[in-house]
Amino acid sequence: MSSAMIGASVRRREDHRLLTGAGRYLDDLDLPGAYEAAFLRSPHAAARITRIETKAAAALTGVIGVWSGADLGPIAKPIPPKVTHPQLADVPRYALPPERVHFAGEPIAVVVAVSRYVAEDALDLIEVDYEELPAVASTAAARAEGAPLVHDGASDNIAVHVVQRTGDVEAALAAAPHRLSETFVIRRGGGHSMETRAVAARYDTATGQLTVWDTTQSPHYVRNMLAYLYDVTEDEVRVVAPADVGGGFGPKAQFYGEEAVIPYLSRLLEHPVKWVEDRRENFMATMMERAQTHAIEIGFDDDGTILAVKNVFEHDQGAYCAGLQVPMITLSTLPGQYKIPFIHSELYACYTNMVPTSSVRGAGRPQAVVAMERMVDRVAEHLRLDPAEVRRRNLVQADEFPYRVGLTFRDGSPLTYDSGNFPELLRVVLDKIDYAGQREFQREARAAGRFVGVGVAGYVEGCGLGPYEGSRLRLTNDGSVLVTLAAAPQGQGYETVYAQIAADALGLDMEHIRVVTGDTGRIPFGQGTFASRITATAGPATLLAGRELREKVFGVAEVLLRSADLLFAGDRVVVRDDPETGVTLREIAQVANVGKHGITLPAGVRPGLETTAYFAPERAAYASGTHAVVVEVDPETGGIEILKYVIGHDCGTVVNPMLVDGQVLGGFAHGIGNALLEEALYDVSGQPQTTSYLDYSLASAREVPPVELVHVHTPSPLNPLGAKGAGEGGTIPAPAAIANAVEDALRPFGARITAVPLTPARVLEAIRGDASD
């Protein structure tokens, strides 16, 4: 067995069943006779509930029961935020609010029936009286003088105000030879996984255990939340995230009221209950992200060296604080790849009457990158320098790692870039796109009346977050090795990647290794799949557990074969110099795991061929990347055509290059949507205006152009794999790079690009000089 599985482009094991329609999603679960649930949702963004009458709905044939928030006393606890802050003005978020609703789409009652059809019919029979209240539908409205209060008893609509700074930024700006300022707006968008949220639960009256199937990215987080809400131990709740999940992208890493209600009702009714979110609910009630407004000022010298930056931004928290991870990431992502001695990063997270926000692929980073990278282009324009050259002059150099930025990252540790080579990233990307050639092409095109622009943007991504992740390896009785991960895959190919890592750790062929995931009944502790963290946490855990299991297996074989010089040969452990002498893994398992009842083990054999390792990184690792794009803009229609796109990417050690490329390209498609298409619109009363794909545009194969990928590898010193994160690098800088290119293309018009997505209407507004954002 060679030890070359890490770094090998192995085809995904999952693909055959997924491509042949054999994948099994939550709605495919075999739960005979399960009841189905439907939720009644508020039509108002802000209102008091003055009356709910459910008798007619409860009387409908086939209805098992109807519950409102007032009926959920035993679990009527506020759902705590996932990530908080000492200054957070938290407000209670209930599974079903009994008195007041805070966004259109908020669930206020649930019907359980023999079928979803009956449950939906019953929803129409529930009578609700509301006292409508004025709503807040933007951060600007939230901070306006005399603004309505989103929450009763609050003094204002500020969820949290946080400032981070390095040095005297005001003095540095005042002393800078040049200063520029601008305001950038990034609009709301969602995750839009193909499989929506879904929960099913079954209560076992004999064992007292509640089993919950959930399309979550974080089954252990869900288990812990249910144990808290139900006042039970975590052992009484088993949460399983099905191996086949139709995407997550962040919103499924949060906890929602529906996830509390469905298991509770299953236990109450002592009967399986299932709920699958429909697409309209997904638009109205699944958490979103992105909405931020950045007012940024930058000071620099005659050479384009950045001396200071001050960025004050508003973050739309939505109706509740499900967690502060997004704006806290934005706070520290601002400086990116640049050496900036004086930084002021200031956050106002605002409550509004819209669906709460949480992480969506990129999680607060694309917004900060838009603000910073747009200003770097403005510096170049102001000084009549090439924007790539301005970037090169300000980059953290390869010999300056670890590089302390001076801010604090979202994980609570000092923002310290562990590794990277930003100059090399820029160089390889400019070479790949033929930057000099594209500038010449731009000149020729402009002379011919075409509007071609070139954009570049870089980013640094804190990833591989703690606190820990675990992996359990066991030699099973059939002679295979079972790898059990707490993390739930969302399409990344865990069954393949972790078999590769285990294969290297064990020195065993991958075909003898199986991987299972996302089941709290199989491994007691875990965190979940989010923030591009699993390869850098569960990867090392698998590596460490695999090495330990190898020692255990070989220890047993050493006793059986009376030799210490052993190696794997297929499914056997053999003597290195006498490969005919060996013992199979099944035979080893029979000796050390099964044993013979009442018979003493051979001397030296340690029973229980199982190992568990938890890896806790000392702090976040930092992936990085640089994108470059060439666009052509039609000034008559506002249409944007991407002519060429290059991505430079550094995620440290790459376990499976094919899968990493897939991750980056998938993220790139999301970035195209963020840059050009996706926008969740609300009117001034907080009513969602984009509740179907007729109104909300996603990038399809037609809109996603061919892209060229180049990799730079700087392994992280923070984990034994050297891995960082790869899931979001395709997304993060795409809006900034494209916005830079579009403004570059429209320079003859003096157009200013200050908002994304760059819809045709917004481009035309910029050309006319009457941008409304």
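The values are calculated or read from the model by the stated rules, or taken from the named source; none is laboratory data. Fair warning: this is a prediction, and the values are worked out from it, not measured in the lab. Glycine also receives a Cβ, built like all others from the backbone with ideal geometry; neighbour counts cover every protein chain displayed. Quick note on the areas: whole protein, heavy atoms, side chains included, nothing else; ligands and nucleic acids left out. Shrake-Rupley method; radii C 1.70, N 1.55, O 1.52, S 1.80 Å.
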Problem - Matching residues, the range 368-388, being of a type outside the set (Gly, Ala, Ser), within 18 Å of residue 738 (Cα to Cα) and assigned to a helix (DSSP H, G or I) - result: 369, 370, 372, 373, 374, 375, 376, 377, 378, 379, 381, 387
Exercise for the section: Among what's in the range 277-305 and is acidic (Asp, Glu) and open to solvent by 10 Å² or more (accessible area, probe 1.4 Å), pick the residue that is nearest to residue 175 (Cα to Cα). Expected result: 301
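Assess whether residue 654 counts as being touching a residue at least 40 places away in the same chain (Cβ under 8 Å) and buried (at least 22 other Cβ atoms within 10 Å of the Cβ).
Details: touching a residue at least 40 places away in the same chain (Cβ under 8 Å): yes; buried (at least 22 other Cβ atoms within 10 Å of the Cβ): yes.
Yes: the conditions hold for residue 654.
So that you can scan it fast, the table gives a plain yes or no per residue for (1) at pLDDT 95 or above; (2) open to solvent by 40 Å² or more (accessible area, probe 1.4 Å); (3) of a type in the set (Lys, Arg):
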position	(1), (2), (3)
18	no, yes, no
25	yes, yes, no
76	no, yes, no
79	yes, no, no
Exercise for the section: Pull up the range 487-537, narrow it to residues that are of a type in the set (S, T, N, Q) and open to solvent by 30 Å² or more (accessible area, probe 1.4 Å), then point me to the one that is farthest from residue 26 (Cα to Cα). Expected result: 535
Handout entry: Top-ranked residue in the range 543-580 [being in contact with a Lys or Arg (Cβ under 9 Å, 6 or more places away or on another chain) and of a type outside the set (A, V, I, L, M, F, W, C); ranked as nearest to residue 617 (Cα to Cα)]
Key = 552
Problem - Qualifying residues in the range 517-536 (those that are hydroxyl-bearing (Ser, Thr, Tyr) and farther than 10 Å from residue 487 by Cα) - the one modelled with the lowest pLDDT - result: 532
Completion exercise
Checked the range 162-213 for anything open to solvent by less than 70 Å² (accessible area, probe 1.4 Å), over 30 Å from residue 224 (Cα atoms), under 34 Å from the mean Cα position of the chain (by Cα) and not charged (D, E, K, R); matches are 163, 164, 166, 167, 169, 180, 183, 184, 185, 186
Completion exercise
With criteria (1) more than 21 Å from residue 326 (Cα to Cα); (2) touching a residue at least 12 places away in the same chain (Cβ under 8 Å); (3) part of a loop (DSSP other than H, G, I, E, B); (4) small (Gly, Ala, Ser), residue 172 comes up short on (3)
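Is it fair to say residue 263 is open to solvent by less than 10 Å² (accessible area, probe 1.4 Å), touching a helix residue (DSSP H, G or I) at 6+ places or on another chain (Cβ under 9 Å) and assigned to a helix (DSSP H, G or I)?
Considered against the rule, which asks whether it is open to solvent by less than 10 Å² (accessible area, probe 1.4 Å), touching a helix residue (DSSP H, G or I) at 6+ places or on another chain (Cβ under 9 Å) and assigned to a helix (DSSP H, G or I), residue 263 comes out as yes.
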Problem - Checklist (1) in a loop (DSSP other than H, G, I, E, B); (2) in contact with a His (Cβ under 8 Å, 6 or more places away or on another chain); (3) open to solvent by 50 Å² or more (accessible area, probe 1.4 Å) applied to residue 152, failing item - result: (2)
Exercise for the section: Provide a single number: the residues in the range 461-481 that are part of a strand (DSSP E or B) and either open to solvent by 10 Å² or more (accessible area, probe 1.4 Å) or touching a Pro at 6+ places or on another chain (Cβ under 6 Å) (or both). Expected result: 2
Exercise for the section: Take residue 747 and decide whether it is touching a residue at least 60 places away in the same chain (Cβ under 8 Å), surrounded by fewer than 19 Cβ atoms within 10 Å (Cβ to Cβ) and not small (Gly, Ala, Ser). Expected result: yes
Exercise for the section: Kindly indicate whether any position in the range 119-140 is farther than 15 Å from residue 37 by Cα, touching a strand residue (DSSP E or B) at 6+ places or on another chain (Cβ under 6 Å) and of a type in the set (Ser, Thr, Tyr). Expected result: yes
Exercise for the section: Return yes when residue 557 is touching a helix residue (DSSP H, G or I) at 6+ places or on another chain (Cβ under 7 Å), modelled with pLDDT of 95 or more and closer than 30 Å to residue 402 by Cα and no when it is not. Expected result: no
Completion exercise
In the range 395-410, anything assigned to a loop (DSSP other than H, G, I, E, B), within 27 Å of the chain's Cα centre (by Cα) and surrounded by fewer than 17 Cβ atoms within 10 Å (Cβ to Cβ) is listed as 402
Handout entry: Residue, farthest from residue 649 (Cα to Cα), within the range 423-444, restricted to residues that are without any contact (Cβ under 8 Å) to a residue 12 or more places away in the chain and either charged (D, E, K, R) or buried (at least 16 other Cβ atoms within 10 Å of the Cβ) (or both)
Key = 444
Exercise for the section: Give just the number: which of (1) out of contact with any Asp or Glu (no Cβ under 8 Å at 6 or more places or on another chain); (2) open to solvent by 10 Å² or more (accessible area, probe 1.4 Å); (3) in contact (Cβ under 8 Å) with a residue 60 or more places away in the chain does residue 378 not satisfy? Expected result: (1)
Handout entry: Subset tally (residues that are in a helix (DSSP H, G or I) and either within 22 Å of residue 739 (Cβ to Cβ) or basic (Lys, Arg) (or both)) for the range 623-679
Key = 14
Practice task
Kindly list the number of the only condition in (1) under 24 Å from residue 730 (Cβ atoms); (2) charged (D, E, K, R); (3) out of contact with any Phe, Trp or Tyr (no Cβ under 6 Å at 6 or more places or on another chain) that fails for residue 450.
Solution key: (1)
Completion exercise
Checked the range 94-144 for anything of a type in the set (Ser, Thr, Tyr) and more than 34 Å from the chain's Cα centre (by Cα); matches are 130
Practice task
Taking residue 91 as the residue in question, decide whether it is under 25 Å from the mean Cα position of the chain (by Cα) and closer than 30 Å to residue 157 by Cα.
Solution key: yes
Practice task
Among the residues of the range 485-527, write down those that are part of a loop (DSSP other than H, G, I, E, B), more than 20 Å from residue 17 (Cβ to Cβ) and touching a helix residue (DSSP H, G or I) at 6+ places or on another chain (Cβ under 9 Å).
Solution key: 486, 507, 508, 509, 520, 523, 524, 525, 526, 527
Practice task
Note down all Cβ pairs under 6 Å where the first residue falls in the range 249-272 and is within 22 Å of residue 194 (Cα to Cα), the second is among the charged types (D, E, K, R) and open to solvent by 10 Å² or more (accessible area, probe 1.4 Å), and they're at least six residues apart or on different chains.
Solution key: 249/361; 250/361
Handout entry: Residue, nearest to residue 158 (Cα to Cα), within the range 334-368, restricted to residues that are open to solvent by 10 Å² or more (accessible area, probe 1.4 Å) and among the charged types (D, E, K, R)
Key = 346
Exercise for the section: Pull up the range 233-248, narrow it to residues that are part of a loop (DSSP other than H, G, I, E, B) and touching a residue at least 12 places away in the same chain (Cβ under 8 Å), then point me to the one that is most open to solvent (accessible area, probe 1.4 Å). Expected result: 243
